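The values are calculated or read from the model by the stated rules, or taken from the named source; none is laboratory data. Bear in mind that the values here come from a model prediction, so they are computed numbers and not experimental data. Here Cβ is always computed from backbone atoms with ideal geometry, including for glycine, and neighbour counts include all displayed protein chains.
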Amino acid sequence: MKRLLLTTTALLALATTARAGTTASPVPVDELVVTATRLETRIDEAPDARVITADDIAASQATFAGDILETIPGLSLSRNGDFGGVTTVRMRGASGDKTLVLVDGVVQNDPSSPNGGFDFSSLDLGDVERIEVLSGPQGSLWGSDAIGGAIAFTTRETDGWRASAEAGSFGTVRATAAFGVANDRRALGVTASAYSSDGVSKAAVGAEDDGFTSWTVGGNARLTLSDSVQLDARVRYNEAEADIDGYDAFFVFGDTTDRSESRSWTGFARVRADGPLGLNQTLSVSLYDLTRDNISAFPSSYDARRATWRWTAGRGEAGDAFAFLVGVERDDTEASISTGATSDLGATSAFGVARVAPLERLTVTASLRHDAPDEFDARTTARLAGVFELDHGFRLSASFGQGFKTPTISQTVCDFCFPAGPSTGLKPETAEGWDAALAWRSGDDRLFVRVTGYRLEVKDQISYGVGRYVNIDRTKTTGVEVELDAELTDRFTLKAAYAFTDAIDESTGAELIRAPEQSGTLSLLWTGDRLKAALTLRAEGEQADADPSTFAPARRDGFAVADLAAGWALTDSLDLTARVVNLTDETYQQSLGYGEAGRGVFVGFRLRN
């Protein structure tokens with residue numbers, strides 16, 4: 001089935017190309033603006049940028065972030081079991097700790113974890129308006145941790161109210177609600193979501209179900225004081241508890257009574273003002289706080305805090321022939337380690353990004369950033385990107401970017417090291433990456449195709465060696481990403497993506513683990529007067545992995561799964577929803593040794609005013 005799905009994706013792409021030219025009545029395409037690029041940029045002028053909209057999330061009925069990020073080419077998911085297992089996202093073969101995650105511009109990566117990565121398992125999409133994905137090194141925009149790329153989530157403002165509820169297989173129940181007022185002058189709102197499931201065994205060899213609960217609340221406020229001054233703030237709180245499997249007294253991997261708990265809140269306050277020389281200035285403070293506990297025979301508890309002060313000034317809007325933004329920021333991070341002791345790291349940074357259109361068909365964007373970490377040598381990173389519009393709907397784009405990642409607090413103090421003592425000689429990881437893409441959009445906007453080739457090299461990657469953290473030589477990823485978006489009729493749309501990823505450790509020639517060489521998705525969407533439906537097929541080839549029972553290198557088999565979601569508009573304000581996950585009841589593992597759910601059926605409703 002895996003080979004069939006990937007082959008079918010390619011054949012449908014060719015068939016759609018032939019058919020799309022016969023569809024009637026061109027449909028205008030909404031102009032998407034990307035903000036994770038620091039400087040507001042139209043999507044067609046931002047190489048490597050992809051946007052998942054609120055409509056995309058609603059059509060798929062995705063619950064958590066990982067449920068929909070897998071549709072982006074070049075992204076692969078690593079999950080230690082369904083329903084709350086630790087979940088990381090790899091971008092272009094880079095390990096999950098090299099994906100920078102932002103919610104409303106606030107960095108979410110966990111400073112208390114050994115590698116500083118982000119766990120996507122409880123990031124609920126109930127209050128998310130859009131997701132922006134920037135692939136490739138983004139150090140010149142966001143500093144440390146964005147070697148593989150950045151994923152930015154933006155929460156929504158609500159004008160009125162909405163609510164939803166769903167229940168189904170595995171004892172799963174979910175509910176969301178939002179209330180608010182929003183207009184040009186002010187906004188005030190609150191959102192909430194809750195999720196509970198009996199789950200399935202986290203260990204593929206296990207027999208007992210491992211449950212998962214999560215709830216999230218958020219609030220937003222915005223006030224326009226005058227034509228030139230605006231205040232806004234947002235806050236988001238999450239609690240999650242997941243049963244997990246691990247190792248018994250004989251160090252055999254399987255069912256255990258272990259569980260993990262986490263509590264986090266994040267938010268920002270910001271003032272925007274039109275200043276001298278027509279500059280739009282912003283001053284903000286962002287805060288992040290996380291506590292996580294592992295309850296087992298060997299319990300542990302970790303805390304992390306981050307505060308970021310940022311000032312920016314710029315001029316120009318998306319689509320302008322010239323625009324720029326400059327800024328400075330101060331980041332202070334504190335986290336505990338396994339002994340309970342705390343340590344801190346910080347950095348002071350300055351950055352700038354500019355976009356210019358020297359020719360009518362050419363747009364060039366350049367960015368530069370200087371980071372001065374408190375404990376390591378300063379780093380300067382750069383990025384240059386260009387987009388050239390050719391004739392007949394073709395567009396050529398290319399970019400080159402740099403990134404770096406400072407050792408985490410755990411790595412700096414050498415937590416879990418033997419003999420004990422701080423790390424010496426540990427260097428930040430550095431990266432360079434380039435890509436080139438050719439895209440084509442039909443004159444009636446019904447068909448879009450893009451092919452991207454890239455290379456990403458990481459030097460001095462940090463790994464745990466014999467009792468200590470060490471820098472290894474370098475890793476390299478080369479790959480191809482293919483995307484297709486075709487409006488077959490006024491109601492029927494096809495979206496497809498395929499990625500080839502060759503990720504290796506250059507010092508040994510071995511494949512990097514959990515980076516499938518081939519992956520693809522195919523989505524068929526129907527939009528009727530009352531019925532909206534989406535069928536999504538996803539496939540991954542086999543990948544290098546590690547056996548959790550023996551820790552020896554092993555291979556995880558490839559798989560193909562299908563999900564179906566549908567909504568029926570009963571009235572203008574009430575939709576009935578239904579979805580089936582793993583439609584063919586495929587037995588598979590996202591990560592070797594960890595369990596995934598079989599077929600699940602869920603029904604619910606969505607209300608709005």
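For this structure, a couple of remarks:
- Residue tally, condition assigned to a strand (DSSP E or B) and either crowded, with 18+ Cβ neighbours inside 10 Å or of a type in the set (Val, Ile, Thr) (or both), over segment 371-385: 7
- Candidate set from segment 191-215 (those that are surrounded by 16 or more Cβ atoms within 10 Å (Cβ to Cβ), more than 23 Å from the chain's Cα centre (by Cα) and aliphatic (A, V, I, L, M)); member that is nearest to Trp161 (Cα to Cα): Val200
- Filter result for Thr99 (closer than 30 Å to Thr342 by Cα, modelled with pLDDT of 95 or more and among the polar types (S, T, N, Q)): yes
- Qualifying residue in segment 293-300 (condition: at pLDDT below 95 and under 26 Å from the mean Cα position of the chain (by Cα)): yes
- In segment 387-435, the qualifying residues are those that are acidic (Asp, Glu) and either loosely packed, with under 15 Cβ neighbours inside 10 Å or modelled with pLDDT under 95 (or both), and the one that is nearest to Arg446 (Cα to Cα) is Asp391.
- Leu488 vs. criteria more than 23 Å from Ala335 (Cα to Cα), surrounded by fewer than 21 Cβ atoms within 10 Å (Cβ to Cβ) and touching a helix residue (DSSP H, G or I) at 6+ places or on another chain (Cβ under 7 Å): yes
- Number of the exception - Phe170 against (1) in a strand (DSSP E or B); (2) surrounded by fewer than 24 Cβ atoms within 10 Å (Cβ to Cβ): (1)
- In segment 457-485, the residue that is nearest to Val413 (Cα to Cα) out of those that are assigned to a strand (DSSP E or B) and over 24 Å from the mean Cα position of the chain (by Cα) is Tyr469.
- Per-region count, segment 27-42, residues buried (at least 18 other Cβ atoms within 10 Å of the Cβ) and either within 17 Å of the chain's Cα centre (by Cα) or not in a strand (DSSP E or B) (or both): 6
- Segment 289-312, residues that are within 16 Å of Gly275 (Cβ to Cβ) and surrounded by fewer than 19 Cβ atoms within 10 Å (Cβ to Cβ): Trp311
- Selected residue [outside any strand (DSSP E or B) and within 27 Å of Leu134 (Cα to Cα)] from Gly453, Gly443: Gly443
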